[in-house]
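For reference, the structure is listed below as C-alpha cells.
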Amino acid sequence: MGIWRDGSDGTDINACDVSKSRRHVACADDFGGVSLLNYPCVVEDAPCAVGRGHSSHVMNVRFSPDDDWVVSVGGKDRAVFQWRFKEKVRETHKTAPAPWEAAEAELRGKARGAAAPGGTRSAAPWETPPALKQ
C-alpha cells in the first residue's frame, strides 16, 4: 500500500521526503530508483514516476527548499543526482454528479423551483502523478 509495491518486504524503501508544498513524496529504494508519488499516498498500487540512474541502492532523497529539484544519494555508486522536478498542473474535469448528489440537487431544485445544477470536480491527487526528469 502507498509507497510499497507488491512483493515488497517492507525494507525496500530507504528514505522518503515530502515536498514543501506537501503535495508530493519522493522515495529512495533498494533497486536504484527514485520514486515520486502524490502525497498523502494512501491508495493501493499508487501511480508513480520512477527515475532510474543509480547503479545500486539509493541511500537518501530530499526536495530542494523551493521544490524545483529532488536530490538523491547513491550507496555503492557514491553518486549524487539532481532531478529537475516540474509539477504538472491538474485540470478541472466536468463530471456527472454522483447519483445521490443528483437526487439531492433535484430535490433542492424542485423546492426552489430551479433546475438541478451539474457538478464539477478536480482530479484526485493520485490520478496524475508528476514526472521526474533527469
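Could you check how many residues of segment 18-38 are surrounded by fewer than 20 Cβ atoms within 10 Å (Cβ to Cβ) and not small (Gly, Ala, Ser)?
Total meeting the criteria: 6.
Within segment 39-56, which residues are farther than 12 Å from Val25 by Cβ and either part of a loop (DSSP other than H, G, I, E, B) or open to solvent by less than 70 Å² (accessible area, probe 1.4 Å) (or both)? Before the answer, list the steps.
The initial filter retains those residues of segment 39-56 that are farther than 12 Å from Val25 by Cβ, namely 43-45, 47, 50-56.
Once the filter is applied, which keeps residues that are farther than 12 Å from Val25 by Cβ and either part of a loop (DSSP other than H, G, I, E, B) or open to solvent by less than 70 Å² (accessible area, probe 1.4 Å) (or both), segment 39-56 yields Val43, Glu44, Asp45, Pro47, Val50, Gly51, Gly53, His54, Ser55, Ser56.
How many residues, within segment 73-90, are outside any loop (DSSP other than H, G, I, E, B), in contact with a Gly (Cβ under 8 Å, 6 or more places away or on another chain) and open to solvent by less than 90 Å² (accessible area, probe 1.4 Å)?
The initial filter retains those residues of segment 73-90 that are outside any loop (DSSP other than H, G, I, E, B), namely 73-74, 80-86.
In the following step, the residues that additionally are in contact with a Gly (Cβ under 8 Å, 6 or more places away or on another chain) were identified as 74, 80-81, 83.
Subsequent filtering for residues that are open to solvent by less than 90 Å² (accessible area, probe 1.4 Å) retains 74, 81, 83.
Of the residues in segment 73-90, 3 are outside any loop (DSSP other than H, G, I, E, B), in contact with a Gly (Cβ under 8 Å, 6 or more places away or on another chain) and open to solvent by less than 90 Å² (accessible area, probe 1.4 Å).
The values are calculated or read from the model by the stated rules, or taken from the named source; none is laboratory data. None of the values given here were measured: they were computed from a predicted structure. Backbone-built Cβ (ideal geometry, glycine too); neighbour counts: all protein chains shown. The accessibility values were calculated without ligands, DNA or RNA, using every heavy atom of the protein model including side chains. Shrake-Rupley method; radii C 1.70, N 1.55, O 1.52, S 1.80 Å.
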